[in-house]
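Undergrad: Questions regarding the structure given below will be posed in turn.
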Amino acid sequence: MITLIKTLLVNITILLSLTYNANTLFPFKVKQMLFLKHKFTYGLIGAFGAFLCMLYPIETLGETHFDLRMIAILIVTLYAGWISGSLVLLLVLIYRGIIGGAFVMTGLSVSILAFVAAGVFRKVFLTSSSKFMWSTIIFTVYSAIYFVTIYFFVPLLYTSFYFIYFTVFYLTFISMVFIIEHLIRTNKQIEEMMYLDKLNMAGQMAASIAHEIRNPLATVRGFIQHLAEDTQDKQFKKYSPLIMDELDRTNKIITDYLNVARPSKFQLSLLNVDNVLRDCVELLRPFASYSNVSITYNESGQHWIKGDVQYLKQAIMNVIKNGIEATEGQGSVHIETKVNPSSDRIVVTISDDGKGMTHEELKKIGLPFYTTKSKGTGLGSMVTNKIVREMQGMIEYESEQDKGTRVNISFPLSDKN
């Protein structure tokens, strides 16, 4: 019995250490877009972990070859996809076939079953807010089939083995899911800290130059406006509106920068998110109609949060306006709300069917001066992100080129009373 536990502990150590190593190479992220190099890397790391587990099997059960390689197949397939999982499975099957033995077909079968189980449940597992519940369901379904298979085809086992092996299997599987989810949250916090550092950098730059530039701009604009009224020069009259527009645009850039730089004075109060969304839709409906874009808003009840009405409207309208402009003159913008019971948060989803963004463009959203528009300042998304964070909210962007963009904004719910 002690030998059995010692062997399983070696397997556990192998799997957990390789999980951290995989995160070092390619940090785990929420809804991460995996390129082929990521998939092959995760597949090779998973296969290496499975190999090491197979090198240290339980040796007190005759010709059987029990270890925890199936966990590597399950985890890699669930998180990295079927390509990575197929690579792990293929290499495991080859190595298990080389090992051979009386129960080689049983060993191959239970490995294939792990891949199939993970593939069947992968979509619902990744989209679920309760990973641990679905991990338990996946384990229960797989272990039931696994138990029946070895019960009928491997007659050498004793009762206590089943209890110890499947208990360790479950605890290791759940632990790996917990560790990966923890690493995903940690990586996200690190990205948030880096983003806030960039915001502070932009703020320091703005504070040092904004006022020095703004005053001469106002003076120049005033003189041009005054001269345009009295001059008989047709060329000057023709181009003075253009000059003033450019001066106004420059002033707007400085204003946006100041919005990022100076601490916002939020007037926090209890507000109805649905009323704010309805107002934003009505305010932008004429602009959408002019752009030949339809706006739809699906209400799902009354939801209350603590925040500043005016700043929230500014943030929501920025996102909706971006969606309208991204459709390039034809399309739709859809807004809906949904409550996440597990985290007690309201999620506002704003999606469009516009041109979308590439993976590289998506990574740069919210950075200073980055924009996908020809006439954008690159500060609108930055201000929006800052407002959402100031109200204890979270904002996430999902996009696919030529298919559209989806923005999820979530806030903690508050009791109306």
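Undergrad: Looking only at the range 327-343, which residues are open to solvent by 20 Å² or more (accessible area, probe 1.4 Å) and either modelled with pLDDT of 85 or more or in a strand (DSSP E or B) (or both)? Can you show your working first?
TA: Start the filter on the range 327-343 by keeping residues that are open to solvent by 20 Å² or more (accessible area, probe 1.4 Å), which leaves 328-332, 334, 336, 338-343.
Result: G331, S332, H334, E336, K338, V339, N340.
Undergrad: Same structure again: Among the numbered criteria (1) open to solvent by less than 70 Å² (accessible area, probe 1.4 Å); (2) not in a strand (DSSP E or B), which one does I346 miss?
TA: The single condition I346 does not satisfy is (2).
Undergrad: Considering V273, V309, which residue is at pLDDT below 90, surrounded by 14 or more Cβ atoms within 10 Å (Cβ to Cβ) and closer than 20 Å to D415 by Cβ?
TA: Numbers: V273 fails: at pLDDT below 90.
Within the list V273, V309, the selection yields V309.
Undergrad: When you check T172 against the structure, is it modelled with pLDDT under 85, open to solvent by less than 60 Å² (accessible area, probe 1.4 Å) and farther than 21 Å from V30 by Cα, yes or no? Write out each step before concluding.
TA: Values: modelled with pLDDT under 85: no; open to solvent by less than 60 Å² (accessible area, probe 1.4 Å): yes; farther than 21 Å from V30 by Cα: yes.
So T172 fails the test.
Undergrad: Let me ask something else. If I filter the range 57-104 down to residues being among the charged types (D, E, K, R) and not in a loop (DSSP other than H, G, I, E, B), which single residue comes out as farthest from T7 (Cα to Cα)?
TA: R96
Undergrad: Show the residue pairs that are 6+ apart or on different chains and have beta-carbon atoms under 9 Å apart, the first residue being within the range 158-175 and over 17 Å from T136 (Cα atoms), the second being exposed (fewer than 13 other Cβ atoms within 10 Å of the Cβ) and aromatic (F, W, Y).
TA: Once the first residue is over 17 Å from T136 (Cα atoms) and sits in the range 158-175, its partners that are exposed (fewer than 13 other Cβ atoms within 10 Å of the Cβ) and aromatic (F, W, Y) give Y162/Y151.
Undergrad: Suppose we keep only residues that are over 28 Å from L18 (Cα atoms) and part of a helix (DSSP H, G or I) within the range 151-169. Which one would you say is least open to solvent (accessible area, probe 1.4 Å)?
TA: First, pick out the residues of the range 151-169 that are over 28 Å from L18 (Cα atoms): 151-160.
Next, from what is left, pick out any that are part of a helix (DSSP H, G or I): 151-153, 159-160.
Working: Y151: 126, F152: 147, F153: 132, T159: 115, S160: 47 Å².
Among them, the one singled out is S160.
Undergrad: Pick from V260, V281: which is open to solvent by less than 40 Å² (accessible area, probe 1.4 Å) and at pLDDT 85 or above? Let's see the steps before the verdict.
TA: Details: V260 fails: at pLDDT 85 or above.
Matching residue, one of V260, V281: V281.
Undergrad: May I pose another question? With the condition kept exactly as written, say whether any residue in the range 128-135 is surrounded by fewer than 17 Cβ atoms within 10 Å (Cβ to Cβ), assigned to a loop (DSSP other than H, G, I, E, B) and touching a strand residue (DSSP E or B) at 6+ places or on another chain (Cβ under 7 Å).
TA: yes
Undergrad: Have a look at L90, L78 and point out the one that is open to solvent by 70 Å² or more (accessible area, probe 1.4 Å) and either under 22 Å from L44 (Cα atoms) or modelled with pLDDT of 95 or more (or both). Working first, answer last.
TA: Numbers: L78 fails: open to solvent by 70 Å² or more (accessible area, probe 1.4 Å).
Within the list L90, L78, the selection yields L90.
Undergrad: Just for the range 362-400: of the residues that are modelled with pLDDT under 60 and open to solvent by less than 40 Å² (accessible area, probe 1.4 Å), which one is farthest from T250 (Cα to Cα)?
TA: Taking the candidates together, the pick is P368.
Undergrad: Pick from S294, S332: which is over 26 Å from the mean Cα position of the chain (by Cα) and of a type in the set (S, T, Y)? First the steps, then the outcome.
TA: Values: S332 fails: over 26 Å from the mean Cα position of the chain (by Cα).
After ruling out the rest, the residue left standing is S294.
Undergrad: Residue by residue through the range 382-411, note down the ones that are under 17 Å from I320 (Cα atoms) and among the charged types (D, E, K, R).
TA: So in the range 382-411, the residues under 17 Å from I320 (Cα atoms) come out as 382-388, 394-399, 403-410.
Within the range 382-411, K386, E396, E398, K403, R406 qualify.
The values are calculated or read from the model by the stated rules, or taken from the named source; none is laboratory data. From a predicted model like this one, the values you see are computed outputs, not experimental measurements. So basically every Cβ, Gly included, is an ideal-geometry build from the backbone, and we count neighbours across all protein chains shown. Please note that ligands, DNA and RNA were not included when accessible areas were found on the heavy atoms of the full protein model with its side chains. Shrake-Rupley method; radii C 1.70, N 1.55, O 1.52, S 1.80 Å.
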